[in-house]
Every structure is written in C-alpha cells, then in structure tokens.
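Okay, structure first, notes after.
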Amino acid sequence: MSIKTSLTSYRSQLVPNLVPTCVNLGTIAYNVTMYPLKLALLGSFQATWKQNPLTNFRSDKIRALLAYLAVESDQPHRREQLAVLLWPESAYGMRNLRKSLFRLRQTLDNYQVGLSDALLTITRQTVTLKKSALTLDSVQFEQLLAHVAAHTHHALFSCVSCLEKLEEGVALYRGDFLSGFSLPDCNGFEEWLLFKR
C-alpha cells in the first residue's frame, strides 16, 4: 500500500471524529433573545451579558463604538461615518475602525463563542447592532416616562401604576448619559453625547 493510500484511508477514518463542534447561530440568537446584552448608559458605562460584566474592552473608543451602535441601533451605519465619528483627524480611521470592530468581536466572543455574530451584522459597507438582542437602560427610562406622560389619571401621585413606573425609572437612573465619559479628540462623538444628555 502506498503512503498516499494509507494517508487517505487514515484520514477517512478520522474525519468523522475530527469534525469540529459548530456553534448553532440559531441557538445563540435564541439565547441572546433570552439573555440580551444589557447596556447601562445612564451614569458610567456598564455592559453585562447573562449577569456577567463585560469589562475587557481595550479602549474607550471601543466602548464608545458599542454605545453609539446600541443607542442608534435602528439603522445600519456606514463604516466611513463611524470612522469619521471616532477618528476624525486620522488618515487611518478606516483601519482603526476595522481593528476596533475586531477587538469588540473578540471581547464579546470571550464570553460566549458566536456572541458577536448574534449581536452584530458587519458587512464591507455597514455595521449594525441588532436591536432585538440588547436592552438599554436609557431606552427603558424613556419608555417609563412616556408611559407616565401618556397615562390618563386625575392626579399623578394618586395613580399607583404611574408611581410604580416612576420608581422603576428612579432605580434605573444612576446619573447623566455616559457620565464622566469623554473622547476629547472626537468632536462629532462629543456633540452626539451632548445631544443625548
């Protein structure tokens, strides 16, 4: 028997055992729906998934990128726009964005293999954070206030439902939007922060 035949035979015996365990993205997407990425942006930046804090972000710009994509998750964002937002004066903005997206994906996947694929849609032109896969304290806060404002009652302080909603809002509010967070070299991001505050 030739060496080639032996290797082919040996490989055919091993291949069924060497097939890697694949991540079922449908399952992960389901788990992300059950356990969404939670971002607390009222006060200091906090990210958690399945009650585990995500803390291994390599830079404030990666945190800023995640916060921006989350708050503006109703639309895809052009890579060029994100590069200008976070690296306005850099000739290497697109490269920096590519590296930051890679590092963001690494951080997410360190907590759960495939988590970044379940949360992010990244194409050559755009980046989108899936709205259905996250919860934002700032959005919850606004929804609670909108409920109270829209609810018809004789007096606010005699409405049990509205008082409960206001108590939930007080519990969520830890401070101003991204309090203490700043990217002084990014005027566009700073303007966005000011608008959101």
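One table, with the values for the structure above:
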{"item": "Calculated P(r) tail over 16 Å for segment 50-145, as whole % of Cα pairs", "result": "57"}
{"item": "Rounded if a/c under 1.5, otherwise prolate or oblate - segment 44-95, Cα gyration tensor axes", "result": "oblate"}
{"item": "Total charge dipole magnitude, segment 62-117, about the Cα centre, Cβ charges on Lys, Arg, Asp, Glu only, Debye to nearest 20", "result": "260"}
{"item": "Point-charge dipole on Cβ atoms (K/R +1, D/E -1) for segment 42-196, about Cα centre, debye to 20", "result": "780"}
{"item": "Gln112 long-range amide H proximity, modeled H, under 5 Å", "result": "none"}
{"item": "Selection from Val139, Tyr111, Leu178, by position along the positive dipole direction of segment 69-197 (Cβ)", "result": "Tyr111"}
{"item": "Förster radius 25 Å - calculated FRET efficiency between Glu72 and Leu172, Cβ distance, rounded to 0.05", "result": "0.80"}
{"item": "Cα coordinate range in segment 78-194, projected on the principal axes (Å, largest first)", "result": "59, 34, 23"}
{"item": "Around Thr107: net Lys/Arg minus Asp/Glu count, Cβ-Cβ under 12 Å", "result": "+3"}
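Just so you know, all these numbers are worked out from the coordinates, no wet-lab data involved. As the structure is a computational prediction, the values presented were derived from the model and not from experiment. Virtual Cβ from ideal backbone geometry, glycine too; neighbours counted across all protein chains shown.
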